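Heads up: the structure comes next, in structure tokens.
The values are calculated or read from the model by the stated rules, or taken from the named source; none is laboratory data. Here the structure is a predicted model, which means the values were calculated and not measured. Note: ideal-geometry Cβ built from the backbone for every residue, glycine included; neighbour counts use all protein chains shown.
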Amino acid sequence: MDILTALTSTFAATVLDVLPIAAVLFGFQFLVLRRRPPNLAKVLIGFGWVLVGLTLFLVGLELALFPLGTTLAKQLTDPLYVFGVETVDSAMAADWTAYGSVYAFAAAIGFATTIAEPSLIAVSLKAEEISGGAVQAFGLRIAVAIGVAVGVSLGAFRIVTGTPLPYYIMAGYAVVILQTLRASKMIIPLAYDSGGVTTSTVTVPVVTALGLGLASTIPGRSPLLDGFGLIAFASVFPIMSVLGYEQLSRWFTGRKRRLKKETEA
Amino acid sequence: MADHRAVAATSMTDAVRGFAKLVLGAMRDLAPIILVIGFFEIVILQQTIPNVAEITVGLVCVILGLAFFIQGLEMGLFPLGESMAEQFAKKGVLLWLLLFAFLLGFGTTVAEPALIAVAAEAAEIARLGGAIGDTNDAETFYAFALRMTVALSVGAALVLGVFRILMGWSLPLIIIGGYITVVTLTIFAPPEIVGIAYDSGGVTTSTITVPLVTALGVGLASSIRGRNPMLDGFGLIAFASLSPMIFVLIFGMVI
């Protein structure tokens, strides 16, 4: 019974969410463009699938993954687990090496939630189609997920050490700018886009719980002020990893070609 | 007659086979989460997994949901976004296209649940920090104003992004210019707003907006002569995640 109520209320919320988008889309289609979209019936069925799919997806996440993920985040940041005592003085908390399993969890869960992120799947499918297969959808997603893993892990380290967020983000921007100068033109727009799509339905709730848990464990950190910032990390680092992935694969093909030439000569 | 039925039957099995493939794909996509949570729960914390039945039902929902979503994406969101972009490009009505881009950005962001949650938390911080009056009215107004600011910024970003595709401007120059603006504003903005501003860039792009906006950009770049879909079609999402940071930092300085 519980599942049925959850399904209906989530479905209603999703429909309400989609309503303004549908109004804009169909309003322009019929009032401004004044043409029926080709395959109107198919498009409407597609919208139906999207609504049903998102509803099931969200209900399932609430039921299976979010409770476990957020409890895990809380337990791993609990002083009782990290230090074996209830209260932590600031000298103990300053020891950032004590949080090893937190960094490991941050990286692992960042990677795993990104692989399951529906908007990233959408963008990578489009990229594979447009590039004629030169960009592999799954390879792109792995590259983005590695970026998120590094980003969230470093973000957890920042909360533990209490170092200022802008320094990290500025350094991140500097690296992105340098990489942009060296990268092949074709990959740059896609890399920039992949920064924005990584953080939505699946990643945000678990990562936020991790940030809040960490910030409330460590003395001197306020959950309200220091809990923010993990999402920002998760949006900058994928840009680097996608640009880096392209540079690496170019370097490898270049080396292979050079080696081949040398053996032929 | 018999031939027709045979064709219908194959397309039916094709559909089933296609969907089975989607379900398998969804299982592969979810395997890492299950492994990570299971590993930390059982090996690191040495606990047993509670409510196994409930979790199994939830996982089945997630897998089916992801498969349905991708099916709908390919049938509905992608084709509609692309056919609209093509029609706009053919009709050549610039103002309507820009208005469409603005409404798409504004409309999809203003009701975004993640944004509503972040705005409410930001208002609480502002009240605690004494940036606004210590009343509930002031807090509600602050949260509302922040939400509107972010929604406006996404609308503006899509207008600029669509305009860029039409003109064929270079994306990296604009993005790097945006980074420099963010860094400069960070120096002058109150420190409490910085974390919220940086995070607001990530929460604006929802699961339904991303496919539509991507299809719009790629569709426009493919229909306009001289534009390359890889070079010019992507980049709208990047704008939509950068501009909220700039707008929210300015918002923090003004209020």
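Of the residues B:108, B:184, the single one that is at the interface with another protein chain (Cβ under 10 Å from one of its Cβ atoms), among the polar types (S, T, N, Q) and assigned to a helix (DSSP H, G or I) is B:108. Restricting the stretch B:36-53 to residues that are assigned to a loop (DSSP other than H, G, I, E, B) and β-branched (Val, Ile, Thr) leaves a set whose member that is nearest to the other protein chains (Cβ to nearest Cβ) is B:49. For the stretch A:90-115, residues that are within 11 Å of chain B (Cβ to nearest Cβ) and at pLDDT 90 or above total 12.
Taken over the stretch B:244-255, the criterion of being assigned to a helix (DSSP H, G or I) and in contact (Cβ under 8 Å) with a residue 60 or more places away in the chain is satisfied by B:244, B:245, B:246, B:247, B:248, B:249, B:250, B:251, B:252, B:253. Going by the structure shown, is residue B:69 more than 7 Å from every other protein chain (Cβ to nearest Cβ), at pLDDT 90 or above and under 25 Å from the mean Cα position of the chain (by Cα)? The answer is no for residue B:69.
Looking only at residues of the stretch B:220-243 that are more than 10 Å from every other protein chain (Cβ to nearest Cβ) and either of a type in the set (D, E, K, R) or part of a helix (DSSP H, G or I) (or both), we find that the one that is farthest from the chain's Cα centre (by Cα) is B:225. Among all residues of the stretch A:203-223, there is at least one that is farther than 18 Å from residue B:115 by Cα and among the β-branched types (Val, Ile, Thr). I'd like to check something: does the stretch B:214-221 contain any residue that is at pLDDT below 90 and touching a Gly at 6+ places or on another chain (Cβ under 7 Å)? So far as the stretch B:214-221 goes, no, none of its residues is at pLDDT below 90 and touching a Gly at 6+ places or on another chain (Cβ under 7 Å). Identification of helices (runs of 4 or more DSSP H) wholly contained in the stretch A:13-89 with 2 or more residues that are facing chain B (nearest Cβ under 7 Å) and surrounded by fewer than 17 Cβ atoms within 10 Å (Cβ to Cβ) yields A:40-60. Evaluation of residue A:174 against the conditions (1) surrounded by fewer than 19 Cβ atoms within 10 Å (Cβ to Cβ); (2) more than 7 Å from chain B (Cβ to nearest Cβ); (3) over 24 Å from residue B:194 (Cα atoms) shows that the sole unmet condition is (3).
Candidates B:106, B:100, B:141: the one that is without any contact (Cβ under 8 Å) to a residue 40 or more places away in the chain and crowded, with 20+ Cβ neighbours inside 10 Å is B:100.
Residues are listed down the side, and each one gets a yes or a no for (1) more than 19 Å from the chain's Cα centre (by Cα); (2) more than 27 Å from residue B:193 (Cα to Cα):
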| residue | (1), (2) |
| --- | --- |
| B:109 | no, no |
| B:119 | no, no |
| B:128 | yes, no |
| B:133 | yes, no |
| B:136 | yes, no |
| B:140 | yes, no |
| B:161 | no, no |
| B:169 | yes, yes |
| B:174 | yes, no |
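When A:232, A:191 are checked against the criterion of being under 21 Å from the mean Cα position of the chain (by Cα), in the same structural domain as residue A:109 (by TED's automatic domain parsing), over 20 Å from residue B:248 (Cβ atoms) and at pLDDT 85 or above, a single residue qualifies: A:191. Scanning the stretch B:127-144 for residues that are touching an Asp or Glu at 6+ places or on another chain (Cβ under 8 Å), more than 10 Å from chain A (Cβ to nearest Cβ) and small (Gly, Ala, Ser) yields a single hit, B:131. If you check A:204, A:148 for being more than 7 Å from chain B (Cβ to nearest Cβ) and not small (Gly, Ala, Ser), only one passes: A:148.
Go through the residues of the stretch B:202-218 one by one and say whether even a single one is within 11 Å of another protein chain (Cβ to nearest Cβ) and farther than 25 Å from residue B:103 by Cβ. No, the stretch B:202-218 contains no residue that is within 11 Å of another protein chain (Cβ to nearest Cβ) and farther than 25 Å from residue B:103 by Cβ. Counted as qualifying within the stretch A:119-232 are the helices (runs of 4 or more DSSP H) with 2 or more residues that are in contact with a helix residue (DSSP H, G or I) (Cβ under 8 Å, 6 or more places away or on another chain), in contact (Cβ under 8 Å) with a residue 40 or more places away in the chain and β-branched (Val, Ile, Thr), namely A:137-161, A:165-182, A:188-197, A:203-217. Tally up the residues in the stretch A:12-28 that are within 25 Å of the chain's Cα centre (by Cα) and among the small types (Gly, Ala, Ser), please. Within the stretch A:12-28, residues that are within 25 Å of the chain's Cα centre (by Cα) and among the small types (Gly, Ala, Ser) number 1.
Cβ-Cβ contacts under 8 Å between residues 6 or more apart (or on different chains), taken from a first residue in the stretch B:20-35 that is at the interface with chain A (Cβ under 7 Å from one of its Cβ atoms) to a second residue that is outside any helix (DSSP H, G or I) and crowded, with 18+ Cβ neighbours inside 10 Å, are listed as B:29/A:116; B:30/A:116; B:32/A:116; B:33/A:116; B:33/A:202.
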